[in-house]
1. Suppose every Lys and Arg Cβ carries +1 and every Asp and Glu Cβ carries -1, with no other charges. What dipole size does the chain come out with about its Cα centre, to the nearest 20 debye?
2. Taking the Cα centre of the range 144-196 as origin and charging only Cβ (+1 Lys, Arg; -1 Asp, Glu), how large is the dipole, in debye to the nearest 20?
3. If you take the C-alpha gyration tensor of the range 177-259, multiply each eigenvalue by 5 and take the square root, what semi-axes do you get, largest first, in whole Å?
4. When you count, for each residue, the other Cβ atoms within 10 Å and take the mean per peptide, how do 136-144, 369-377, 245-253 rank with the highest first?
5. Using a Förster distance of 22 angstrom, determine the FRET efficiency expected from the C-beta separation of ARG164 and ARG268, and round it to 0.05.
6. What translational D, rounded to a whole number of µm²/s, comes out for the range 144-196 from Stokes-Einstein when the hydrodynamic radius is the Kirkwood one over Cα pairs, at 10 °C and 1.306 mPa s?
7. Over the range 383-497, what is the relative contact order in whole percent, taking alpha-carbon pairs under 8 Å and six or more residues apart?
8. Once all Cα-Cα distances of the chain are split into 10 Å bins that start at 0, what whole-number percent is in each one?
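The values are calculated or read from the model by the stated rules, or taken from the named source; none is laboratory data. This structure is a prediction, so every number in the text was calculated from the model and none was measured. No Cβ is skipped: glycine too gets one built from the backbone with ideal geometry, and neighbour counts run over all protein chains shown. These accessible areas exclude ligands, DNA and RNA; they are computed on the full protein's heavy atoms, side chains included. Shrake-Rupley method; radii C 1.70, N 1.55, O 1.52, S 1.80 Å.
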Amino acid sequence: MDRRCRNDPPLESICAVNARQMQRSFLNQASSSAFTSAAWWQSGVIYQIYPRSFQDSNGDGIGDLNGIAARLDYLKDLGVDAIWISPIFPSPMADFGYDVSDYCGIDPMFGTMDDFDRLLVAVHRAGLKLLLDFVPNHTSDLHPWFLESRSCRTNPRRDWYIWRDPAPGGGPPNNWLSEFGGPAWTLDETTGQYYYHAYLKEQPDLNWRNAGVSAAMLDVLRFWFERGVDGFRVDAIHHLFEDIGLRSNPHDPDWREGMSPARRLIRRYTMDQPEVHDAIAAMRRVAEEFGGRLLVGESSLPIDRLMAYYGTNLSGFQLPFNFHLINTAWRTEAIAGLIQSYEAALPARAWPNWVLGNHDRSRVASRIGREQARVAAMLLLTLRGTPTIYQGEELGMLDVTIPPELVQDPWEKNVPGIGLGRDPERTPMPWSGAIHGGFTTATPWLPVDTVTMPNVERQQSDPASFLSLYRALLRLRRSEPALSIGSYREIARTDAVLAYERQHSGNCLQIVLNLSATPQRLPDAVTDGRLLLSTTRRKTERPPRAHLEANQGIILATEFGQARHDQARSNR
Ligand code: GLC
Ligand code: CA
């Protein structure tokens with residue numbers, strides 16, 4: 001049976017349609033008209049390193065820069081293109097580096113500036129890019145700027161932070177709440193005013209309406225660009241401005257016991273304020289001064305609001321993080337609908353991106369189970385747009401339950417026992433069968449899961465492992481432009497199965513994902529083709545039978561994709 005023709009135009013016309021779509025999507029891209037000229041961040045894959053938990057090199061139980069350098073071969077073999085390292089700057093570590101006390105240094109815990117420079121050279125020599133984490137919304141309360149600012153009301157840096165008198169009857173100026181629990185205002189006894197902090201009281205918000213602040217922060221970007229970094233992930237960007245009139249936030253009627261206390265209020269006046277786009281445009285101008293370095297924005301927003309963060313005419317982020325796969329129910333209808341609405345909402349010249357997890361969110365394998373996490377990996381690495389992998393995702397790492405006496409995350413300490421803490425997804429990488437998984441020789445800052453988690457060494461030698469699946473997916477993605485920069489078209493969705501096609505220069509690949517734990521019929525719209533990859537352990541070169549196994553995702557080279565694939569293999 002030629003399933004290709006059912007319910008669908010003939011393949012030629014599908015491909016013609018796709019070619020037109022593809023052409024449009026290329027015209028939409030910032031700087032590409034062919035695969036070879038796509039920007040690296042469009043065809044490439046980003047890997048997030050949470051440095052405290054990647055690899056310890058000096059036996060203090062905490063990962064560091066030399067540890068990352070020692071693992072570059074691993075990253076190269078894995079097949080990613082860029083690493084983003086969460087903050088490594090001097091910090092009192094109240095929020096584990098997201099409280100910066102010097103934007104132009106390296107915390108001794110992570111190493112020295114020389115270590116950093118050596119790492120950067122090694123990263124580039126390995127053919128990879130390096131992104132750092134820029135934390136513009138707030139500094140540490142021990143940053144010299146804040147120490148000056150709080151010293152007296154007339155200090156020239158007073159206005160660098162957000163200071164307000166108490167409310168007329170006393171108490172905080174309004175009802176704003178800290179993301180990590182409690183009020184977002186802390187009284188400074190010495191000067192009798194409150195300062196604002198979207199997060200911890202140890203993380204006072206900078207006042208971006210002050211020209212000195214924006215100039216100093218843009219110079220931070222220049223400092224690192226001059227050193228050679230390839231871009232930044234920009235932290236908590238939606239918090240950069242607050243309502244100038246300090247209006248109180250409205251109550252959220254949908255808040256329920258067990259939710260974050262900060263969600264009691266709708267953040268109407270503390271998030272996503274219009275001025276943020278001018279600040280991003282200024283950051284982007286600096287990135288362009290250096291030949292178009294990459295800016296990825298941490299922007300936890302609904303799709304319609306998120307799109308504004310692309311800006312217009314190179315004025316926004318190249319990639320405003322799209323976290324919607326993390327927040328969407330793991331069901332075909334919901335996932336397919338998300339892809340459709342995200343793609344439809346993308347502005348002209350905007351390039352998509354996708355994420356399954358990060359150091360702030362429960363791990364994907366814990367959210368949807370390890371079997372489906374393999375399907376999720378195939379989804380992440382075959383959707384149109386730049387994927388970001390969070391360290392350990394490639395091993396199928398799970399959240400680790402942290403006993404109360406070992407809790408590190410300040411959020412969990414402030415609001416204990418309701419699952420807000422982020423330690424479970426931050427536990428160290430298990431590298432080998434050595435003590436503490438080879439992560440450290442000392443007591444690790446968080447326990448290493450050496451019980452449920454097969455370590456890297458074991459996974460490397462097991463063709464059925466999670467790691468082998470990631471490597472195979474990344475290899476295929478690299479050899480198939482259709483997967484990295486091709487067009488996207490949904491071809492079928494049923495209760496349990498999502499199927500789509502990626503197409504580039506007449507090459508079609510079809511991806512068919514079984515989002516359920518029971519075998520499913522292949523949708524009729526799926527073409528007979530050669531099986532390039534399966535998420536299930538049995539790897540076979542035979543064409544698939546007319547069904548999908550439980551939890552199986554497959555990639556097929558269709559008639560048009562096949563010839564190209566055969567040629568790519570013979571060229572290898
Ligand atoms: C971002 C970071 C998170 C941090 C917060 C405050 O959301 O990802 O880890 O706690 O910003 O900087
Ligand atoms: Ca260390």
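1. In debye, rounded to 20, the chain gives about 1960.
2. Its charge dipole is roughly 120 debye.
3. That gives 29, 18, 13 Å for the three semi-axes.
4. Output ranking for 136-144, 369-377, 245-253: 136-144, 369-377, 245-253.
5. Calculated transfer efficiency: 0.75.
6. This corresponds to a translational diffusion coefficient of 139 µm²/s.
7. Reported relative contact order: 27 percent.
8. 3, 17, 27, 26, 17, 7, 2, 0, 0
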